[in-house]
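Here the structure is laid out as structure tokens; the discussion comes afterwards.
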Amino acid sequence: MGWISSDNEHEGWAAPEAPDGRLSSTSSSAGMHVKGITGRWPQDPQLDGDEIVPDKEIIGWRGACECGWRGELWERAHSPTAANFGQRRDYVAPEEFADASPHVEDAIHQEWKAHIAPSEAVLGVEAAARDHKQAGARLDKTVAAARAAGASWADIGRAVGISRQSAHERWSAQ
């Protein structure tokens, strides 16, 4: 399962990691698919240029994003007793699919959300700037309508919270 940012510029997921550091974005019953051919693992018969790393050889998981960001490694523990969430170690049995546990996937999702937080915040700035521009255009139109209806610069200035002279300077040329 992956995540998409509000601006559709970032797509993240909990990526299984092969021993050589390559990350997987898809899997099959044969194992985790990684891009590139090293000759160490079998080539994927459907995806040209991919190898299939057996699930038992996956060393852990990390957050990945289409933009190139990679989170810190969550190590795959070799036994249930070696698992320690605080030390970023989780156990998945060698005979199981090597997907991150829901607990680790949730933690990786939080890391990915921290990665995209600046761009998500900028979306808020863009929306506020758009609203500000629209409000300014609406104010200009209503001032022109008020003047056409006979309102004085003093009345318009008072309504906006500025002086008569400031209102005149701002809108008299329109």
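Points to keep in mind about this one:
- Being in contact with a His (Cβ under 8 Å, 6 or more places away or on another chain), touching a residue at least 12 places away in the same chain (Cβ under 8 Å) and of a type in the set (Val, Ile, Thr) is a property that Ile108 lacks.
- Those residues of segment 62-74 which are buried (at least 17 other Cβ atoms within 10 Å of the Cβ) and more than 18 Å from the chain's Cα centre (by Cα), in sequence order: Trp74
Table: residues versus (1) closer than 21 Å to Arg89 by Cβ; (2) over 29 Å from the mean Cα position of the chain (by Cα); (3) surrounded by fewer than 22 Cβ atoms within 10 Å (Cβ to Cβ).
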{"residue": "Gly12", "(1), (2), (3)": "no, no, no"}
{"residue": "Ala18", "(1), (2), (3)": "yes, no, no"}
{"residue": "Gly21", "(1), (2), (3)": "yes, no, yes"}
{"residue": "Ser25", "(1), (2), (3)": "no, no, yes"}
{"residue": "Ala30", "(1), (2), (3)": "no, yes, yes"}
{"residue": "Lys35", "(1), (2), (3)": "no, no, yes"}
{"residue": "Arg40", "(1), (2), (3)": "no, yes, yes"}
{"residue": "Asp44", "(1), (2), (3)": "no, yes, yes"}
{"residue": "Val53", "(1), (2), (3)": "yes, no, no"}
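- Counting residues in segment 134-155 that are of a type in the set (Phe, Trp, Tyr), surrounded by 14 or more Cβ atoms within 10 Å (Cβ to Cβ) and in contact with a Gly (Cβ under 9 Å, 6 or more places away or on another chain) gives zero.
- Within segment 23-62, tally of residues that are more than 20 Å from His78 (Cα to Cα) and not small (Gly, Ala, Ser): 18
- Subset of segment 30-59 [in contact with a helix residue (DSSP H, G or I) (Cβ under 9 Å, 6 or more places away or on another chain) and either free of Cβ contacts under 8 Å to residues at least 24 places away in the same chain or farther than 17 Å from Glu96 by Cβ (or both)]: Trp41
- Qualifying residue in segment 109-128 (condition: of a type in the set (S, T, N, Q), farther than 30 Å from Ala18 by Cα, modelled with pLDDT under 95 and not in a loop (DSSP other than H, G, I, E, B)): no
- From Pro94, Pro102, residue being modelled with pLDDT of 90 or more, in the same structural domain as Thr26 (by TED's automatic domain parsing) and over 30 Å from the mean Cα position of the chain (by Cα): Pro94
- Of all residues making up segment 76-102, the number that are outside any loop (DSSP other than H, G, I, E, B) and touching a strand residue (DSSP E or B) at 6+ places or on another chain (Cβ under 7 Å): 7
The values are calculated or read from the model by the stated rules, or taken from the named source; none is laboratory data. Bear in mind that the values here come from a model prediction, so they are computed numbers and not experimental data. In this analysis, Cβ positions are derived from the backbone assuming ideal geometry, glycine residues included, and neighbour counts consider all displayed protein chains.
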